[in-house]
Amino acid sequence: MTTIEATRPRLPSAEPADDRVVRRRLGPGRRIRFGYAVGPVALLALWVVGSATGLIDPRTLSEPWTVVATAGGLIESGRLQESLATSAVRAVLGLLIGVAAGTVLAIVSGLSRLGESFIDGPVQIKRSIPNLALIPLLILWFGIGEEMKVITIALGVFVPIYIHTHNGLRSIEGKYAELAETAGVSRGEFVRHVVLPGAMPGFLLGLRFAVTGALLALVVVEQINSTSGIGHMITLASNYGQTDVIVVGLVVYAILGLVADGSVRLIERKALSWRRTLAG
Amino acid sequence: MATHPGRLTDRTAAVRVRGLHRSFSRAGGVLNGLDLDIAPGEFVALIGRSGSGKSTLLRALAGLDRDVAGHGAVDVPDKVSVVFQDSRLLPWKRVLDNVTFGLRDKDAAQRGQVALAEVGLEGREKAWPHELSGGEQQRAALARSLVRDPELLLADEPFGALDALTRIRMHVLLRKLCEAHQPAVLLVTHDVDEAIVLADRVIVLDDGVVARDLRVDLDRRSQADPEFAALRAQLLAELGVEDDSAPAPRHAHTRYDRKAAS
Ligand SMILES: Nc1ncnc2c1ncn2[C@@H]1O[C@H](COP(=O)(O)OP(=O)(O)O)[C@@H](O)[C@H]1O
Ligand SMILES: [Mg+2]
């Protein structure tokens, strides 16, 4: 078949000559379709093959099909949905509060010198204390209920949001402020049309760190003193030696993380379509 | 449209500057008691050596020099538009939104479209600034400044970054726009030919004051005109440049063409 194709005489009108000198590409080139899925699928394949050939001991890591069966059972009993809902509510609440606080603080400290003097120092100090080290104090202050959990997550979220938004805001070129001054816009319009969109790349970068941070904090607060949520389910399974349930929990965490990161990337692509970068 | 300390009460002048001093260091001033009047609708070109203080003067008129030491009186109209050397379009706003940036009227979008059509950018309203060529970006910047109906248009080497052909097109366009909108104009340029081609008056800045103030009374603004060449030689001499091409040679690359811009 291919030989016939190759020897068939070319119709000059159908295929105009296309001789070009093309430079070697130095950028990463065009986007691969579903490129983001390649790595995870490869890992999944490794797991399946490893379990099927017996290279992975089921006591170390349950087989994928056992995990799927366990997940099915957990869904049937309603436990998985219940735990997932509890965990998701915590993560989303903490994320929302943290993002709002980080953004507002970054804008105040980025736009006013007085605000910067008051806000920037404390945030930098907070940054050097690992979030998880604060948990004992937070438990004393807020108890072991939902309040403490959400606040811990929010604390983990607001720092990266603040740092990156503040940085993005400060790197907006002064010439745009000058333009806004000559155009006679108000301070509010300046924030809306110049500051926020200009700081958006920084904010979104911060958001990606924040999402990861929220998940990390979620895992930790759910494994101490928790009576519900995915983390509680995992802790319980650990006590009874149920590897498969633990893996189901981890998979749920992974899915949460992937979905969150994917959403941020999607927002990034929509919100930053004005940029021309290597990302394409 | 920026806020300024002074407001003109008498409308015989669009710009009135008296005894303007500005300095960036103790060593010496950049502007040393400069006086300048610009009549409504008058097109003034400002030339001077690099570092002579042209941008400093323009920024003083634009109200952008609050941190610069100095004193003197500056009176400008309410509605001032500024065109910078870079087009200064907000990269995150589409072209039309850039043009109408800061306009609060209900018909802003419509007026923006008209302004874009005037500069030959109809159909590009939805483009991102990085999708425009350098000349198109500068035309969008012109549309943004003119949509505000300025009484005074300040431009700091607006065509400095453009290639020679595009610059000629922009000259034609700017004259056309200024005839239509009739703002007073102060155009900073380092290009003597550009100054003569465009302006009613050319002023030379030196030692922080207006060293020369020449009216351009040419019937045809063509480099082939001996009067044009004489004026050019005079201005170049003022800037300390010998012009040995004085009696009207014709360089293809500087020929001025009055065909409409596109
Ligand atoms: N922001 C500034 N800080 C310090 N010096 C400046 C500043 N802006 C301009 N100058 C100095 O003032 C002089 C005039 O500058 P400028 O008005 O930009 O000149 P021109 O536009 O005529 O080339 C130059 O010597 C320049 O070094
Ligand atoms: Mg300058």
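Readers should treat all values here as calculations from the given coordinates under stated rules, not as data from a laboratory. The structure displayed is predicted, hence computed values, not measured ones. Neighbour counts run over all protein chains shown; Cβ positions are idealised from the backbone, glycine included.
Details
- Using R0 = 45 Å, the C-beta based FRET efficiency linking A:Ala271 and A:Leu55 works out to 0.50.
- Net charge dipole size for the protein assembly as shown [Lys, Arg +1 and Asp, Glu -1 on Cβ; Debye, nearest 20]: 880 debye
- Cα gyration tensor, the range A:1-153 - rounded (a/c under 1.5), prolate or oblate: oblate
- Mean Cα-pair separation over length for the range A:79-271, i.e. relative contact order, pairs under 8 Å, 6 or more apart, %: 28 percent
- Here B:Asp35 and A:Leu111 are evaluated by their C-beta separation; at R0 = 41 Å the FRET efficiency comes out at 0.60.
- Label-point gap, in nm, between B:Ala230 and B:Arg104 - each point 7 angstrom along Cα→Cβ: 5.3 nm
- One chain, two ends: A:Asn225 and A:Arg23. Fully extended at 0.36 nm per residue, the span grows by 66.7 nm beyond their Cα-Cα distance.
- Simple Cβ-charge dipole of the range A:19-162, Lys/Arg +1 and Asp/Glu -1, about Cα centre, in debye nearest 20: 940 debye
- Each peptide in B:190-199, A:41-50, B:172-181 receives the mean, over its residues, of other Cβ atoms within 10 Å, and ordering these scores from highest gives B:190-199, B:172-181, A:41-50.
- Overall, the anisotropy analysis places chain B in the oblate class: the square-rooted eigenvalues a ≥ b ≥ c of its C-alpha gyration tensor yield a/c not less than 1.5, with a/b not exceeding b/c.
- Over the residues of chain A, the helix contribution to mean residue ellipticity at 222 nm works out to -24000 deg cm²/dmol, using -39500 (n - 2.57) for each DSSP H run of at least 4.
- Cα gyration tensor shape of the range B:1-134, rounded if a/c is under 1.5, else prolate or oblate by comparing a/b with b/c: prolate
- Among the listed pairs A:Lys270/B:Lys126; A:Lys175/B:Lys126; A:Lys175/B:Lys176; A:Lys175/B:Lys79; A:Lys126/A:Lys175, those with a Cα-Cα distance over 26 Å are A:Lys175/B:Lys176; A:Lys126/A:Lys175.
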